[in-house]
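Okay, so here's the structure we're looking at.
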Amino acid sequence: MKIILGIETSCDETAIAIVKGSGGLLSPQFHILSEVTFSQTKTHAPFGGVVPTLAKREHVKHLVRLLEKALENANLPPNGERVKTSQEREEMVRTILSREEGLADQLLSFTARISIPYIDAIAVTRGPGLEPALWVGINFARALAVLWEKRIIPTNHMEGHLVSALLEGEQVIFPALALLISGGHTELVLLHGWCQYVLLGETRDDAVGEAFDKVARILGLPYPGGPEISKLAESATGKFLIHLPRPMAGSGNLDFSFSGLKTAVLYAVKKIPTLTDAIKADIAEEFERAVTDVLLMKTRIAARRHDVKTLIVGGGVSANRRIRETFAREFEKDGIPVLFPAPAHATDNATMIAAAGYLRRESGESQGPEEELEARGVLVLR
Ligand code: KG4
Ligand code: ZN
C-alpha cells in the first residue's frame, strides 16, 4: 500500500488529491483520501479558450490553499516530524520556484506550520499540456519534495485519463483498448498491461473536445462548449434535417479528423438566415451524432482487430451522455465491457494523476527532487 499525493496543473484546472493505492500492477485498487479541484473556467471564459499565462497565474495563486485543504480532508496521521529548516533548503526552494511569484513564500510558511504528512511520494503531471501551466505544478512538486524529503513520480496526463475509469473499483482484463477523448487529444491506445501501451490512432487535426468547443462558439454558446452542446442537443426535435459528414469514417485506418466537421457546421450555419434556438438544438444533436458515429466506428475496428477484453473511455468528452449511452449499448452487443470514469473524474483532476503515479511507482519510475524534470507540452503515452 502506498499513499500518493497527486498534483495536476496541465490546463485550466488546479487540482490536488491524496490517493491510497494497493494491489500493484496486477490488480491495482484505489481509495481516494481527498481531492480538491479549482476550476479556472471563469477566468478564461471571456477569451473563449484557455490563456496559458492566466492559467499559470491562477495555479500559482491557488496551489498552497488547495494543498492545505487536501491535507485537512485526508486526515492523515502526521509522521510527527517537522520540516528540517536550513538556509540551504530554503534557498533550494526559492531557486526552484523563482519563476512562480510569491509561491515560495506561501509554501515555506505553510510547511513550517504543519508536520510532514504521511505520504509516500508526489505524482505530478509533466505533460502533455500547456507548458507555462505544467511548469507551476512541476516546480511546486519539486519544492515540496525538497521540504518533505519525498520522491517525485513524473506522470503523463493521458495516462491519468486512462486510469480514471479504475477509480470506480473496476478491474481491466488485457488486452484492453482505451479511447481517450479530451480538449487536446483524441487517441486510441492498446493496453497489454499497466504501463504497456501502444498508440493505435490519433487525430490528424482538432481533438474531439476542441471540435465541441469550436462548434459551441459558432452557435454562440459559452466556453467550455462540450457540456453546452450536450445540454442543447437534448431539446432537439430533428425537424430541421441537418446533415453533417462523418469524417474519415470509411478510411480503414484508426486516425481521426474533426476540423472538417467544424467547418461543415460553419457552412451550414451560414446558409441559415435566422438561427433560432430550435435550429441550433438540431445542429448540436447532429454534431453529437456525427462525432459519436465516427468514434464508435473506429473504436470498433480497433477492438475487433486486437480482440480486446475491456474498453476504457476517458477524458473530458467521456462525460458526454450520448457517447456513454451509445458505447455501453453497442459494445454490450460485442460482449466487451466498457468502463467510464465517474463524471467528476472525466474532466481534469488530480485523483487520476495520483492513481497513474501509483502505477508508475510500482513499475519503478520515480526520481529525487534534485533531479531535472521538464514540462513537456507534447508527450506520447507509452
Ligand atoms: O480532459 P479535459 O478536462 O481537459 C483536457 O485534458 O483537455 O477535457 C476538456 C474537454 C473540453 O473540450 C470540454 O468541452 C469537453 O472536454 N467536455 C465535453 C463534456 N464535458 C466536457 N464534451 C462533450 N460533452 C460533455 N458533456
Ligand atoms: Zn485532460
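Bridging of K231 to lysines at a Cα separation below 17 Å is possible for K214, K280, once same-chain residues fewer than 8 apart are set aside.
Using a probe of 1.4 Å, the accessible surface attributed to F340 totals some 40 Å² when neighbouring protein chains are kept in position. The trypsin sites (Lys or Arg not before Pro) of region 221-304 that meet both conditions, a loop assignment by DSSP and at most 10 other Cβ atoms within 10 Å of the site Cβ, are K239. If only the Cβ of Lys and Arg carry +1 and only the Cβ of Asp and Glu carry -1, the dipole of the chain around its Cα centre is close to 520 debye. For region 123-182, the relative contact order is 36 percent, taking Cα pairs closer than 8 Å that sit 6 or more residues apart in sequence and dividing their mean separation by the residue count. Scanning residues 5 or more positions from R376 or on other chains, those with amide H under 5 Å from its amide H are G127, with H placed 1.01 Å from N in the peptide plane. Distant-in-sequence amide contacts of R204, defined by a placed amide H-H separation under 5 Å and a gap of 5 or more residues or a different chain, comprise F256, S257, F258.
Across region 271-382, how large is the tail of the calculated P(r) beyond 16 Å, expressed as a percent of all Cα pairs? Taking all Cα-Cα pairs of region 271-382, the fraction more than 16 Å apart is 73 percent. Residues whose amide H falls under 5 Å from that of G24, counting only those 5 or more places apart or on a different chain, are Q29, with hydrogens built in the peptide plane.
Measuring between their Cα centroids, region 1-80 and region 101-169 lie 8 Å from each other.
Phi angles of region 357-370 translate, via the Karplus equation with coefficients 6.51, -1.76, 1.60 and θ = phi - 60°, into HN-Hα couplings of x, 4, 4, 5, 5, 5, 8, x, 9, 7, 9, x, x, 7 Hz per residue; Gly and Pro are given as x.
Karplus-derived 3J(HN,Hα) values for region 62-73, using 6.51 cos²θ - 1.76 cosθ + 1.60 with θ = phi - 60°, are 9, 4, 5, 4, 5, 4, 4, 5, 4, 5, 4, 5 Hz; glycine and proline are entered as x. Think of the chain as a dipole: +1 on every Lys or Arg Cβ, -1 on every Asp or Glu Cβ, centred on the Cα centre; then among L190, A264, V50, A264 lies furthest on the positive end.
Relative to the longest principal axis of the Cα atoms of the chain, the long axis of helix 131-148 makes an angle of roughly 30 degrees. Taking θ as phi - 60° and the Karplus parameters 6.51, -1.76 and 1.60, the scalar couplings of region 11-21 work out to 9, 10, 10, 9, 9, 9, 9, 10, 10, 9, x Hz in sequence order, x denoting glycine and proline.
Per-atom-type breakdown for region 174-336 gives carbon and sulfur 53% of the accessible area (1.4 Å probe, protein chains only). Ordering A74, I96, T276 by the projection of their Cα atoms onto the charge dipole of the chain, which places +1 on the Cβ of Lys and Arg and -1 on the Cβ of Asp and Glu, puts T276 at the extreme positive end. What is region 174-336's relative contact order, in percent, from Cα pairs under 8 angstrom and six or more apart in sequence? About 31 percent, as a whole number. At 10 °C and 1.306 mPa s, what whole-number value in µm²/s does Stokes-Einstein give for the translational diffusion of region 174-336, with Rh from the Kirkwood sum over Cα pairs? For these conditions, the coefficient is 99 µm²/s. With contacts taken as Cα pairs under 8 Å at a separation of at least 6 residues, the chain carries a relative contact order of 24 percent.
Remark: C-alpha extents of region 143-224 on the principal axes read 50, 38, 26 Å, sorted largest to smallest.
For H243, the solvent-accessible surface computed with a 1.4 Å probe is close to 150 Å², ligands and nucleic acids excluded.
Of the GluC sites (Glu not before Pro) found in region 204-269, those that fall in a DSSP loop while having at most 13 other beta-carbon atoms within 10 Å are E234. Normalising the Debye intensity of the chain to I(0), with uniform scatterers on Cα atoms only, and taking log10 at q = 0.10 Å⁻¹ returns -0.64.
At a probe radius of 1.4 angstrom, the accessible area of region 90-137 per residue rounds to 42 square angstrom.
The values are calculated or read from the model by the stated rules, or taken from the named source; none is laboratory data. These numbers were taken from a predicted model, which means no experiment stands behind them. Virtual Cβ from ideal backbone geometry, glycine too; neighbours counted across all protein chains shown. Ligands, DNA and RNA are excluded from the accessible area calculation, which covers all protein heavy atoms including side chains. Shrake-Rupley method; radii C 1.70, N 1.55, O 1.52, S 1.80 Å.
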